[in-house]
Amino acid sequence: HCFSIGTRCLSSLSSSSILNPNSSENAGRTGGIMPSPIAQMPQKIDINPPKGTRDFPPEDMRLRSWLFQNFREVSHLFGFEEVDFPVLESEALFIRKAGEEIRDQLYCFEDRGNRRVALRPELTPSLARLVLQKGKSASLPLKWFAIGQCWRYERMTRGRRREHYQWNMDIIGVPEVMAEAELISAIVTFFKRLGITEADVGFKVSSRKVLQEVLRCYNLPEELFGRVCIVIDKLEKIPLDEIKKELKSIGMSDEAIEELLEVLSIKSLTKLEEKLGTSGQVVCELKQLFALAEKFGYSKWIQFDASIVRGLAYYTGIVFEGFDRKGKLRAICGGGRYDRLLSTFGGDDVPACGFGFGDAVIMELLKEKSLLPELGLEVNNIICSLDPELQGAAALVASTLRGKGQSVDLVLESKPMKWVFKRAARINAQRLILIGKSEWERSTVAVKILSTGEQYEVKLDELD
């Protein structure tokens, strides 16, 4: 039977009158659907996602897909392969050294098999696990990247949530500073693609070995080094007196604390060289990185800052952090060298470095710079049958076009043409294809190019 819409049936309309909604045949036509009786509703649930998490409706999902596509394209430009890991991992994977902030931020629980598990707070330990699993079958160097969701129960601020997506690029098996230089180059390439310049964003670079040099002078035990790094990572986040108090509680003398803070205030390699001497490995590595930055073409993006240590215990050498130059946002990204991470999990140490780049802060920066693209839905065709008996024909045309790589929005129920035209405008359809009875008998369909208003009939086998 024919579904009645307003005062007319779609089957009684010609395709010519449909394609011209302002024609006299269409004048005075209205459409409407009778509402169905309202069923008794159960008690309402909270329709908001859990605190610190997000929904991604279509308009937000388009932006997320756009961002991830840029992550992937840059990674492929640098010859990296994509990997992924379970969101749920063994809790032991993330519990490394006492005092590390991440221990207190885990979403962790005991599963029904009495195993301690956690939602991953970062990706690098999972990567290390996979490298160990692959063993000698993995041909070094490995150049892997991943885009995954991470979970941390922490205080929320601008650009910081309890779940976020993170882009990681890691190089396994290269001990030279060239690896760090390549990784920073990848991030700079990403920024440039999005329209972000060195005037917007910079990188603070240092080395964990700077701290090691200072602490060695004061005979601080090696096992306390990670705890010192975690405290120093709080610089500019908590008052200086609190920093000193925490360092003292670790076991550092007042003299050592003052010397350490003096070194951490150094902002140039020249002054670092004066303080530590020219023979040390740390100065040599940093000078090499800055020389490579010249060759890669991003020397204006980076600066030395001895206070950068990163908060994760596994870093061993050069570390870096991306920041917005206006200072309104938290770190955009960060990374460094972690040559001893694999032995933490019982394997042999392999030189490695990498970075993590979250999706939240970069989106805040892009909004502020008005660099987010307008990404509306775009569809090649919208197809509508003028008679319910022709719905199968419309499905055939839709399947034919989809088989040729064309996107098709098929109108799945009888609707007034006013609704169809509004739908076509909302989804930015390029063409409207109508399946009418007389046209179908001639093995043709009616086509309207929506941007120009041009309309014509075309044979089915010639429809592209």
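In table form, for the structure just shown:
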| read-out | value |
| --- | --- |
| Residue, farthest from the chain's Cα centre (by Cα), within the range 440-464, restricted to residues that are open to solvent by less than 100 Å² (accessible area, probe 1.4 Å) and touching a residue at least 40 places away in the same chain (Cβ under 8 Å) | TRP440 |
| Matching residues in the range 294-324 - criterion: being of a type in the set (Gly, Ala, Ser) and at pLDDT 95 or above | GLY297, SER299, GLY322 |
| Hey, GLY148 out of contact with any strand residue (DSSP E or B) (no Cβ under 9 Å at 6 or more places or on another chain) and not hydrophobic (A, V, I, L, M, F, W, C) or not | no |
| Pair list, Cβ under 6 Å, 6 or more apart: the range 194-212 residue more than 15 Å from TYR314 (Cα to Cα), other residue basic (Lys, Arg) | GLU198/LYS300; GLY202/ARG325 |
| Some residue of the range 85-106 being within 20 Å of the chain's Cα centre (by Cα) and open to solvent by 70 Å² or more (accessible area, probe 1.4 Å) | yes |
| Whichever residue in the range 382-408 is open to solvent by less than 30 Å² (accessible area, probe 1.4 Å) and under 22 Å from MET61 (Cβ atoms) and, among such residues, is nearest to the chain's Cα centre (by Cα) | VAL408 |
| Strands (runs of 3 or more DSSP E) completely within the range 325-430 that count 1 or more residues being of a type in the set (S, T, N, Q) and at pLDDT 95 or above | 379-385 |
| Residue in the range 221-234 that is among the aliphatic types (A, V, I, L, M), assigned to a loop (DSSP other than H, G, I, E, B) and out of contact with any Leu (no Cβ under 7 Å at 6 or more places or on another chain) present | no |
| Residue in the range 274-282 that is at pLDDT below 85 and hydroxyl-bearing (Ser, Thr, Tyr) present | yes |
| Complete set of residues in the range 325-368 that are open to solvent by 20 Å² or more (accessible area, probe 1.4 Å) and under 18 Å from PHE80 (Cα atoms) | PRO351 |
| Extreme residue, farthest from ASP359 (Cα to Cα), among residues of the range 117-131 that are surrounded by fewer than 22 Cβ atoms within 10 Å (Cβ to Cβ) and among the charged types (D, E, K, R) | ARG129 |
| Residue satisfying condition, being on the phi < 0 side of the Ramachandran plot, surrounded by 21 or more Cβ atoms within 10 Å (Cβ to Cβ) and assigned by the TED database to the domain that holds VAL309, within set SER253, SER207 | SER207 |
| Selection within the range 225-247 - among the basic types (Lys, Arg), surrounded by 13 or more Cβ atoms within 10 Å (Cβ to Cβ) and within 27 Å of ARG340 (Cβ to Cβ) | ARG227, LYS234 |
| Residues that are hydrophobic (A, V, I, L, M, F, W, C), assigned to a helix (DSSP H, G or I) and over 15 Å from LEU264 (Cα atoms), drawn from the range 180-216 | ALA181, LEU183, ILE184, ALA186, ILE187, VAL188, PHE190, PHE191, LEU194 |
| Filter result for GLN166 (open to solvent by 20 Å² or more (accessible area, probe 1.4 Å), touching a Cys at 6+ places or on another chain (Cβ under 8 Å) and not aromatic (Phe, Trp, Tyr)) | yes |
| Enumerated strands (runs of 3 or more DSSP E) restricted to the range 106-173, each holding at least 2 residues that are more than 28 Å from SER343 (Cβ to Cβ) | 163-172 |
| Residue that is surrounded by the most Cβ atoms within 10 Å (Cβ to Cβ) [pool: residues in the range 291-315 that are under 22 Å from MET178 (Cα atoms) and over 26 Å from the mean Cα position of the chain (by Cα)] | ALA306 |
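The values are calculated or read from the model by the stated rules, or taken from the named source; none is laboratory data. Just so it is clear, the structure is predicted and the values come from calculations on it, not from any experiment. Note that we place each Cβ from the backbone using ideal geometry, even for glycine, and neighbour counts take in every protein chain shown. Protein only, heavy atoms only, side chains kept; ligands, DNA and RNA dropped before computing areas. Shrake-Rupley method; radii C 1.70, N 1.55, O 1.52, S 1.80 Å.
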